Amino acid sequence: MTAPTTTRAPGAAPRTPAPASAPTRWQRLRRSEAFAFYLFLTPWLVGLVGLTLGPMLFSLYAGFTRWDGVNSPEWIGFDNFRVMFGSDPDFWPSFGRTFFYAGARVALGVALALALAVILNTRLPGRTFFRTVFFLPTIVTGVPMFVVWAWMFDPDLGILNYLLSQVGIEGPAWLGDTTWAMPALILMSLTATGGTMIIFLAGLQGVPLELREAAVVDGAGWWHRFRAVTVPMISPVILFNVLMGLIASLQVFAEPFVMTQGGPERSTYVFGMYLFNEAFWYSNVGYASALAWVQFLVIVVLTFLVLRFARRRVHYLGS
C-alpha cells in the first residue's frame with residue numbers, strides 16, 4: 001500500500017514553508033522586562049545563597065564538630081548538644097535570663113507603645129511634635145545610645161538618681177546591683193518603642209469610623225469601645241508587634257555587652273553573650289554554632305506557638 005501523493009498544477013511554483021512570524025512589540029517588551037527582573041534579582045540571590053543560606057548550612061555542619069575556627073573541623077556528632085543540655089553550667093541560666101528579659105520587654109513595650117498610639121491618635125494639640133519626639137530614640141540606636149544610658153544609670157553622677165533624690169528617694173546602684181541591672185536594661189529598651197508606636201498608629205487609623213459610631217449609638221463607653229471594637233480590629237497589628245519584639249528580644253546582645261559585660265555576678269549574662277564568648281573569646285566555634293541553632297529553633301518554635309495561640313484571637317477584615 002503506497003502513501004498518497006500530492007499533485008500541483010503545471011507551471012505552479014513549488015511550496016515553501018511559511019516564515020516564522022517576527023516577535024511583536026509586546027513580546028519584545030515582555031522579554032526585556034523578564035531580563036531586567038532576573039538581572040536585578042541576581043544580587044539578592046547571590047547575597048541569599050552566599051551570605052545567608054551558605055553560612056547557615058555550614059554552621060549546621062560546624063555544630064556537630066569540634067572546631068576552633070582556624071584548624072580543620074573534627075566531627076564529633078551530638079557531643080556538643082550532650083554537653084549543652086547536660087553539663088554546661090551557663091546554658092540554662094543564660095536562657096532563663098533571656099526569657100525574663102524578652103517577656104518583660106515585649107509585654108511592657110507593646111503595652112506602652114499601644115497606650116502612646118491611642119493617646120496620639122486623638123486630636124491632641126501638638127500631636128505631630130510628640131509623635132516625632134517619641135520616634136526619635138528609634139533613630140539613634142546602638143552603642144552611642146547605650147553609652148548615654150550607662151551614664152544616666154550611674155549611681156553617683158547619673159541623672160536618674162539625681163531626679164529621684166529631688167523627691168526624697170535614694171536611687172539604687174542600677175547597673176552595679178544584681179537586683180536592678182536587668183530591670184535597668186528593660187527600662188532602657190522601652191525608649192525604643194517609637195517604631196512600634198508608629199505601627200500601632202497606622203493600625204488605629206485603619207479602624208472603620210462606622211464601627212466606632214455604631215458603638216457610640218449603642219451607648220458604649222470609651223473603655224468598652226476600645227476593648228470590643230478597637231482591639232479586635234487592630235489584633236493583626238498587635239500580633240505583628242509581639243512577634244517582632246519577641247524575635248528581637250530573644251537575640252539581645254549589644255545592650256548587656258556594652259553596658260554591663262554580663263555583670264554584676266552574671267545577672268545580665270544573656271544567651272547572646274554566652275554564644276558570643278564561646279565563639280570569639282574561647283574559640284569554641286563548633287560549640288557556638290550548636291548554640292546558635294538551638295537559639296534559632298527556640299525562636300521558630302515560640303513563633304509557631306504564638307501564631308497557633310493567636311489563630312482564633314486575631315481578626316482580619318474580610319475573613
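Laboratory data are not the source of any read-out in this text; all were calculated from the coordinates shown. If you're wondering where the values come from, they're calculated on a predicted model, not measured in any experiment. With ideal geometry, Cβ positions are generated from the backbone for all residues, glycine too; neighbour counts draw on all protein chains shown.
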Mind jotting down a quarter of the surface of the convex hull over the alpha carbons of the chain, in square nanometres, one decimal?
-> 36.8
Per residue of the range 105-111, in order, report the coupling 6.51 cos²θ - 1.76 cosθ + 1.60 (Karplus, θ = phi - 60°) as ³J(HN,Hα) in whole Hz, putting x for Gly and Pro.
-> 5, 5, 4, 5, x, 5, 5
With 0.36 nm assigned to each residue of separation and the Cα-Cα distance removed, A214 to I139 gains 23.1 nm
From DSSP H assignment alone, runs of 4+ in the chain each adding -39500 (n - 2.57), the sum over residues rounded to the nearest 500 puts [θ] at 222 nm at -18000 deg cm²/dmol
Show the residues, 5+ positions off or on another chain, whose built amide H is closer than 5 Å to the amide H of R66.
-> E74, W75, I76
Cα centroid separation - the range 33-51 against the range 107-133, whole Å = 40
Scalar couplings 3J(HN,Hα) for the range 53-61 by Karplus 6.51 cos²θ - 1.76 cosθ + 1.60 (θ = phi - 60°), nearest whole Hz, x for Gly and Pro, are 5, x, x, 4, 5, 5, 5, 5, 5
Any idea how far the Cα center of the range 176-210 sits from the one of the range 256-319, in Å?
-> 19
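Just add up the charged neighbours of L116: K/R +1, D/E -1, any other residue whose Cβ is under 15 Å from the Cβ of L116. Provide the component values of the computation, followed by the final result.
Numbers: positive: R127, R131; negative: none.
Around L116, the surrounding residues sum to +2.
Can you bin the range 145-293 into rounded, prolate or oblate? Criterion: square roots of the alpha carbon gyration tensor eigenvalues sorted a ≥ b ≥ c, rounded for a/c under 1.5, prolate for a/b above b/c, oblate for the rest. Intermediate results must be reported in sequence, preceding the final value.
On the way: a/c = 3.63, a/b = 1.58, b/c = 2.30.
In terms of gyration-tensor shape, oblate.
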